[in-house]
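Here is the structure we will look at, set down as structure tokens.
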Amino acid sequence: TKIDLEEITIDELREGYKTGKYSIVEITKVYLDRIEEIDANGPELNSVITINPDALEIAAILDDELRQGKSRGAMHGIPVLLKDNIDTHDKMPNTAGSLIMKNSFPVKDAWVTAKLRDTGAVIIGKTNLSEWANFHSSYSSSGWSGLGGQTKNPYDLTRNPCGSSSGSGVAVSANLTVLAIGTETDGSIVCPANNNGIVGIKPTVGLISRSGIIPISFTQDTPGPMARTVRDATICLGVMTGVDSTDSKTINSEGKNLIDYTPHLKADGLEGKRIGFDITLIGRNYHIDKVMLEAVEFIKRNGAKVVEVKNIITPETENKEFDILLYEFKDGLNRYFASLGENAAVKNIEELIKLQ
């Protein structure tokens, strides 16, 4: 019988593995087939940049562990795609969507990758992104990279999927994976989550380590989960937290981070909360205004106080932020290239500029 994975959740998959309804190999194969069918072919969504050639082998190992009564944790047997700026120490390069990086193979897993593997995730591939996380030139297209081409919005192939975690957002939305990991400096998780109709969490910087992720900003970068449900995103969030000695920002999370946030999922969670609403954004597009105002009313009906504010971000703030990003991008990239060892595809940012 054909397995229908559209809108399936982590809990449903785990229950299916437990009862024998599904095997991890079967589920992994269905997702890989779907990627081939509608991402590489058909409408050509172009959200997946690389398939993990070992995905089915990893799934088989995880199936064997379950048969022996062993479970690695919350993500055991759950297919995940990683944005292609997150290191994996396997047969997949980590490219940032750049042609120059197409043969750049990291010497170890990123913190996030290791955490997902440790808790049983099946990393089935890497997702396309806005090249260098959209921080490379004054002119760029959201969701486009030289290596991966243009990612398309699954709701309307002519519409903007938003970036830079465009491939992660599209792949989750189109049911090419259960979960994807994105990264955000400035809107790169929340914007593709919005445009593709999914859930994205940008965690507080320092909750999840950035070690092994091609950077923009030490001050602002963070990885985060992208999923079809709040619960799935929340399950994934908890498995990636922790203090990492190689990322000093994570030290502040000691004693504050949780490894399971699901007990805090409450139907009445909006009750008594104060939520800011920047009303200066109203008036640009009446379609968007209508949806936004409906959301505001929903929030009010569910017990939150909506506080109207104006001009949260000023031009002066944006200019200063950009200066910081420019400095941190150069420093961060040089540190990342140094982490790739003697066989690095690129040794430093000066060499990158020459090769570009």
*Return the long-range amide H neighbours of F277 (sequence gap of 5 or more, or a different chain), with a cut-off of under 5 Å between placed amide H atoms.*
V307, E308, V309
*Antiparallel content of DSSP bridges confined to the stretch 56-198, in %, to 5*: 20 percent
*Quick one: go through the stretch 215-229 and flag any residue whose amide nitrogen is under 17 Å from the point 7 Å out along the Cα-to-Cβ line of T204.*
219-225
*I349 to E65: extension gain in nm, 0.36 nm per residue of separation minus the Cα-Cα distance?*
97.9 nm
*Given springs between every Cα pair under 10 Å in a Gaussian network model of the chain, which of L293, L270, L32 has the largest fluctuation?*
L293
*Which is the longest run of the chain containing none of the trypsin sites (Lys or Arg not before Pro) found in DSSP loop states (not H, G, I, E, B) with at most 12 other C-beta atoms within 10 Å?*
160-255
*Would you kindly derive the ³J(HN,Hα) couplings of the stretch 274-283 from the backbone phi angles with the Karplus curve 6.51 cos²θ - 1.76 cosθ + 1.60 (θ = phi - 60°), listing them in order in whole Hz, with x for Gly and Pro?*
10, 10, x, 10, 7, 6, 5, 7, 6, x
*Calculated on alpha-carbon atoms, Rg and Dmax of the stretch 91-193 in Å*: 13.5, 40
*asked:* If amide hydrogens are placed 1.01 Å from N in the peptide plane, which non-local residues have theirs closer than 5 Å to the one on G182?
replied: G224, M226
*Would you mind computing Rg(Cα) / (2.2 N^0.38 Å) for the stretch 226-323, counting N as its residues?*
1.43
*Taking a ≥ b ≥ c as the square roots of the eigenvalues of the Cα gyration tensor of the stretch 1-112, is the shape rounded (a/c under 1.5), prolate (a/b larger than b/c) or oblate?*
oblate
*Averaged over every viewing direction, what's the projected area of the C-alpha convex hull for the stretch 22-87? Give it in nm², one decimal, please.*
5.1 nm²
_Probe radius 1.4 Å, ligands and nucleic acids ignored: give me the carbon and sulfur share of the accessible area of the chain as a rounded percent._
53 percent
*Counting only DSSP beta bridges with both residues in the chain, what percent are antiparallel, rounded to the nearest 5?*
50 percent
*Please work out the Kirkwood hydrodynamic radius for the chain, using every pair of different C-alpha atoms, and report it in angstroms with one decimal place.*
21.0 Å
*asked:* Tell me the mean residue ellipticity at 222 nm calculated for the chain from its helices only (DSSP H runs of n ≥ 4, each -39500 (n - 2.57), averaged over every residue, nearest 500).
replied: -10000 deg cm²/dmol
*Can you tell me the accessible area per residue over the stretch 80-131, all protein chains present, probe 1.4 angstrom, in square angstrom?*
27 Å²
*Straight-line reach from K320: which lysines have Cα under 24 Å away, leaving out those fewer than 8 places along the same chain?*
K202, K249, K310, K330
*At 1.567 mPa s and 4 °C, Stokes D of the stretch 38-168 from Kirkwood alpha-carbon radius, µm² per second*: 84 µm²/s
*asked:* Going by amide H atoms built from the backbone, whose H comes under 5 Å of the H on V48, apart from near neighbours?
replied: N128
*Extent of the stretch 211-251 along each principal axis, from alpha carbon coordinates, in Å, largest to smallest?*
30, 20, 15
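The values are calculated or read from the model by the stated rules, or taken from the named source; none is laboratory data. What you see is a predicted model; the values in this text were computed from it and never measured. Cβ sites come from the backbone with ideal geometry, for glycine too, and all protein chains shown count toward neighbours. For the accessible areas, the whole protein counts, side chains as well, though only heavy atoms, and no ligand, DNA or RNA atoms are used. Shrake-Rupley method; radii C 1.70, N 1.55, O 1.52, S 1.80 Å.
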